[in-house]
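Engineer: Can you keep this structure in mind? I'll have questions shortly.
The values are calculated or read from the model by the stated rules, or taken from the named source; none is laboratory data. All values derive from a computational prediction rather than experimental measurement. Reconstructed Cβ throughout: ideal geometry from the backbone, glycine too, with neighbour counts over all protein chains shown.
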Amino acid sequence: MIPEPLGERCYQRIMPVKIDWVLPLLETTTFSDTGGPNAWIARPSWLTQLYDSLALDGTMVFALARKLPPYQGLPPHTDLWGNVPNTGRRFHVPLVTDPRIVMRWPNDHEEVHLEAGWLWEVDYKRLHEVVNLSPTARIHAHFNVVN
């Protein structure tokens, strides 16, 4: 199953995802500081199992868990893969979040709180940012998928 492409939309909420088995694993997941505005990242083995549970058509070409500390945002940016624009689609599974954490597409005047326990697709090729105005760390699994 792969949902209909975003088209002109910046995001879409797709389906609920069972994440209760992942949450205890976060306590032993080691996140590394990237030293820049990209938050902390990890590539734990449970990412593959989480991706497989989504039953998405296509090939996963990139996966990571990203942790954004409390009150820290990601500045406006478009994502690149090396020195070339990314291809494929980006899916997020928010694991830990707070309603005061939002993803914004400033040029499109769009903003959304990516609710935990759901599969979301986001347009990472458009200018976007994350604003975290909460004392909660934002932890998402995200996957790039190509058909």
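Engineer: Which members of the range 129-147 meet the condition of being outside any strand (DSSP E or B), in contact with a strand residue (DSSP E or B) (Cβ under 9 Å, 6 or more places away or on another chain), within 20 Å of L26 (Cα to Cα) and not polar (S, T, N, Q)?
Structural biologist: Across the range 129-147, the qualifying residue is only A137.
Engineer: Inspect all residues belonging to the range 88-97 and state whether any of them is outside any strand (DSSP E or B), polar (S, T, N, Q) and within 12 Å of the chain's Cα centre (by Cα). Lay out the reasoning, then the answer.
Structural biologist: Pass one, the range 88-97, residues outside any strand (DSSP E or B): 88, 97.
In the following step, the residues that additionally are polar (S, T, N, Q) were identified as 97.
Next, from what is left, pick out any that are within 12 Å of the chain's Cα centre (by Cα): 97.
Checked against the condition, which is being outside any strand (DSSP E or B), polar (S, T, N, Q) and within 12 Å of the chain's Cα centre (by Cα), the range 88-97 yields at least one hit.
Engineer: Among the residues of the range 102-112, are any outside any strand (DSSP E or B), modelled with pLDDT of 95 or more and under 15 Å from the mean Cα position of the chain (by Cα)? Can you show your working first?
Structural biologist: Here is the first cut: in the range 102-112, the ones outside any strand (DSSP E or B) are 106-109.
So of that shortlist, the ones also modelled with pLDDT of 95 or more come out as 106-109.
Within this subset, residues satisfying the condition of being under 15 Å from the mean Cα position of the chain (by Cα) are none.
No, that holds for no residue.
Engineer: Is it the case that R126 is surrounded by fewer than 21 Cβ atoms within 10 Å (Cβ to Cβ), free of Cβ contacts under 8 Å to residues at least 60 places away in the same chain, basic (K, R) and in contact with a strand residue (DSSP E or B) (Cβ under 8 Å, 6 or more places away or on another chain)?
Structural biologist: When the stated conditions are applied, R126 does not pass them.
Engineer: Here's a follow-up. Which is loosely packed, with under 14 Cβ neighbours inside 10 Å and not polar (S, T, N, Q), of A63, A55, A116?
Structural biologist: Within the list A63, A55, A116, the selection yields A55.
Engineer: Now a separate question. Residues to consider are P3, P76; find the one that is modelled with pLDDT under 95 and outside any strand (DSSP E or B). If you could, list the steps in order and put the result at the bottom.
Structural biologist: Details: P76 fails: outside any strand (DSSP E or B).
One residue alone meets the criteria, P3.
Engineer: Please specify each residue of the range 51-70 satisfying the condition of being within 13 Å of the chain's Cα centre (by Cα) and at pLDDT 90 or above.
Structural biologist: Y51, A63, L64, A65, R66, K67, L68
Engineer: Here's a follow-up. Please work out if P44 is part of a loop (DSSP other than H, G, I, E, B) and either in contact with a Cys (Cβ under 8 Å, 6 or more places away or on another chain) or modelled with pLDDT under 95 (or both).
Structural biologist: no
Engineer: Only residues that are among the polar types (S, T, N, Q) and touching an Asp or Glu at 6+ places or on another chain (Cβ under 9 Å): list them for the range 1-32, please. Walk me through how you get there before you give the answer.
Structural biologist: First, the residues of the range 1-32 that are among the polar types (S, T, N, Q): 12, 28-30, 32.
Q12, the sole residue that qualifies.
Engineer: Which pairs do you get when a residue that is on the phi < 0 side of the Ramachandran plot and surrounded by 10 or more Cβ atoms within 10 Å (Cβ to Cβ), found in the range 26-46, comes within reach of a residue that is in a loop (DSSP other than H, G, I, E, B) and of a type in the set (V, I, T), reach meaning Cβ atoms under 7 angstrom, with the pair 6+ apart or on two chains?
Structural biologist: From residues that are on the phi < 0 side of the Ramachandran plot and surrounded by 10 or more Cβ atoms within 10 Å (Cβ to Cβ), the pairs are W40/T34; I41/T34; A42/T29; A42/T30; P44/T29; W46/V22.
Engineer: Based on what the data block shows, is Q49 in contact (Cβ under 8 Å) with a residue 60 or more places away in the chain, outside any loop (DSSP other than H, G, I, E, B), within 24 Å of V146 (Cβ to Cβ) and not hydrophobic (A, V, I, L, M, F, W, C)?
Structural biologist: Values: in contact (Cβ under 8 Å) with a residue 60 or more places away in the chain: no; outside any loop (DSSP other than H, G, I, E, B): yes; within 24 Å of V146 (Cβ to Cβ): yes; not hydrophobic (A, V, I, L, M, F, W, C): yes.
For Q49, the condition - in contact (Cβ under 8 Å) with a residue 60 or more places away in the chain, outside any loop (DSSP other than H, G, I, E, B), within 24 Å of V146 (Cβ to Cβ) and not hydrophobic (A, V, I, L, M, F, W, C) - is not met.
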